[in-house]
Protein chains: 2
Amino acid sequence: MNYDVKREVTDKYSLRGRVFHKLREDILSGKYEENEELKEVAIGEELGVSRTPVREAFRQLELEGLIQIIPNKGAYVTGITEKDVQDIYMIRSLLEGLCAKWATEHITKEQLAEMEENVYLAKFHAENGHLEQLAELDNRFHDILYEACNSKMLEHQLKDFHQYVLRVRKKTLASASRGPKSNQEHEAILEAIKSGDGELAQQLANRHMINAYENMVKNGLHEIYAQGRTK
Amino acid sequence: MNYDVKREVTDKYSLRGRVFHKLREDILSGKYEENEELKEVAIGEELGVSRTPVREAFRQLELEGLIQIIPNKGAYVTGITEKDVQDIYMIRSLLEGLCAKWATEHITKEQLAEMEENVYLAKFHAENGHLEQLAELDNRFHDILYEACNSKMLEHQLKDFHQYVLRVRKKTLASASRGPKSNQEHEAILEAIKSGDGELAQQLANRHMINAYENMVKNGLHEIYAQGRTK
DNA sequence: TCCAGTATAATTGTATACAATCATACAATA
DNA sequence: TATTGTATGATTGTATACAATTATACTGGA
């Protein structure tokens, strides 16, 4: 029996869960700036709850890496440095490769079908410059891949990393012209999986991540961070 | 300024910190069995604290993967399946490789010195069958490697995984005769790092993990889990 | 005997009160 | 002026009371 599903639902209806999800969204969306201090009472009042669920949500956010708690002092929004982003992409590159290889062996018909639809639809949005939808499909493509690898461990790791760089990625993908190129790479990975060539899928997924990172750098990752640091 | 150090210290003197460390130790040492339910009041009374710090410690342990919390129900010691262990070792294999490669570029003189001492001392304990000390040195060797890679992200990931399989590893390393072999592999990795050959270090560390896993399987990982499942 | 329903107990979820710690402002001293 | 000490306020840490939920035992009926 899988409690995760129930958990996810219940979380949204428990106060701690609501606080957790709200804060997470706010942090990822950039509502709170880096190193900003989150005060328990302030957050509590804003969401209409007491400090207890807020504190517990803080502990969760801390281990998710979104905030850092300093004892007797406060909770601060975690800053991701330029090097952190680079490291994450290098790590993700390896893990996405492994994920693609495993997915080749374990992907279901339904997952394959959704991937094909994903790539097909993305082609349309790419041609018409619908960046928003493109980003959405890109996220979904990788999520399918994570689920298809048949490893809770790897899936969990990759989802964590994926979320971790969401803040950065959100800013760059929309401003970049990488959409079409990225989708072509997705298609190639899909083809490799369909043909049952795990090694190729691994290499392609590997390269896909590195390309994504290099594109990000080219499009001004540095500037974003320089900007963030000035304040 | 690095707050981590202060944090670590303060944690031990705050109630939540004490609870957290104690529970973690107890879970890893096997005091609590898999799927055992941890009750807030019971833990609290045992440690002489109220439920509040216990609950917060629970949230931390949950995201560390040591327990699973089901809303309105309880906290349960996480079970690691045989496949989980296998997946973790495959993932670790890749990451330890990357870590060794990066360490080649960033390791300090002090870290190198400690590694040399580690390997030298381990040789002595291996010859005399001191399995306890050998396990300790093995842990330390990898910790140095993690620190030497100069990536907080990778270090954090590897330490998490390392701890995750500690429960399993503790049971197998002591009963296995892998100690000497493992130390030889450490020495080879160290030599590669010293000679500045990052690629080689990566391959060796990679292989080192796979060997560790294969040895574990050979020495009855299956039996341990079969045993664990019967109850 | 078996099952459904209900009452009771046990457990987790949340709010609040109080204690401990930390930050700040200000005054006293050199 | 600079610095140290102290008082005050703000913030986090913990304990406890109460609410909500879940598990268990028991009863009544078929």
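Under the definition of partner shielding as Cβ atoms of other protein chains within 10 Å of a residue Cβ, what is the mean value for peptide B:59-67?
4
Determine the relative contact order of segment B:45-93: mean sequence separation of Cα pairs under 8 Å and six or more apart, normalised by residue count, in whole percent.
Reported relative contact order: 19 percent.
Relative to the longest principal axis of chain B, what angle (0 to 90°, nearest 10) does the C-alpha long axis of helix B:166-175 take?
Rounded to the nearest ten degrees, it is 60.
Per DSSP H run of at least 4 residues, take -39500 (n - 2.57); add these up for chain B, divide by its residues and hand me the 222 nm value, nearest 500 deg cm²/dmol. Intermediate results must be reported in sequence, preceding the final value.
Values: 12 runs with 179 residues, N = 231.
Computed ellipticity for chain B at 222 nm equals -25500 deg cm²/dmol.
Do any of A:Lys194/B:Lys83; B:Lys73/B:Lys159; A:Lys39/A:Lys73 go past 18 Å between their Cα atoms, and which?
In this structure, A:Lys194/B:Lys83; B:Lys73/B:Lys159 lie more than 18 Å apart at Cα.
Quick check: the angle from helix A:198-218's long axis to the longest principal axis of chain A, C-alpha only, nearest 10 degrees?
That helix lies at roughly 50 degrees to the long axis.
Putting +1 on Lys and Arg Cβ atoms and -1 on Asp and Glu Cβ atoms, find which of B:Leu131, A:Leu63, B:Asn211 reaches farthest to the positive end of the dipole of the protein assembly as shown.
A:Leu63
Work out the length of the dipole vector of the protein assembly as shown about its Cα centre, built from +1 on the beta-carbon of each Lys and Arg and -1 on the beta-carbon of each Asp and Glu, and round it to the nearest 20 debye.
Result for the protein assembly as shown is approximately 980 debye, rounded to the nearest 20.
Between helix A:131-148 and chain A, what is the angle of the helix's C-alpha long axis to the longest principal axis, kept within 0 to 90° and rounded to the nearest 10?
80 degrees
Using a label point 7 Å beyond Cα on the Cα-Cβ vector, give me the inter-copy distances for A:Glu136 in nanometres, one decimal, shortest first.
Its label point is 5.8 nm from the equivalent points in the other copies.
In debye, nearest 20, what is the charge dipole magnitude of chain B about its Cα centre with +1 on Lys and Arg Cβ and -1 on Asp and Glu Cβ, if you could check?
640 debye
Rank these for me by crowding, B:Arg140, B:Arg92, going from fewest to most other beta carbons within 10 Å. If you can, show how the numbers build up before the last one.
Working: B:Arg140 16, B:Arg92 25.
In order of increasing Cβ crowding within 10 Å: B:Arg140, B:Arg92.
Before anything else, pin down the relative contact order of segment A:3-77: Cα pairs under 8 Å, at least 6 apart, normalised by residue count, whole percent. Provide the component values of the computation, followed by the final result.
Numbers: 70 pairs, mean separation 25.1, N = 75.
In percent, rounded to a whole number, it is 33.
Working out 0.36 nm times the residue gap between B:Val217 and B:Leu166, then minus their Cα-Cα distance, what length gain in nm do you get to one decimal? Present the calculation step by step, with values, prior to reporting the outcome.
Values: separation 51, 0.36 × 51 = 18.36 nm, distance 1.50 nm.
Length gained between B:Val217 and B:Leu166: 16.9 nm.
Rounded to two decimals, what is the ratio between the C-alpha radius of gyration of segment B:82-230 and 2.2 N^0.38 Å?
Rg over 2.2 N^0.38 Å, computed on Cα atoms: 1.01.
Taking a label point 7 Å from Cα toward Cβ, how far is A:Leu112 from its twins in the other copies, in nm, shortest first?
Label-point separations across copies, in nm and ascending: 5.2.
Measuring nothing but label to label, 7 Å from Cα along Cα→Cβ, what are A:Ala42's distances to the other copies in nm, shortest first?
4.1
For the protein assembly as shown, how big is the tail of P(r) above 32 Å, as a whole percent of Cα pairs?
Considering the protein assembly as shown, 45 percent of its Cα-Cα pairs are separated by more than 32 Å.
Using +1 at the C-beta of Lys and Arg and -1 at the C-beta of Asp and Glu, which of A:Leu112, A:Leu145, A:Gln163 has the Cα lying farthest in the positive direction of the dipole of chain A?
Farthest towards the positive end: A:Gln163.
No value in this document is a laboratory result; all are computed from the given coordinates. Please read these numbers as outputs of a predicted model, since none were measured by experiment. Heads up, the Cβs are rebuilt from the backbone with ideal geometry, glycines too, and the neighbour counts pull from every protein chain shown.
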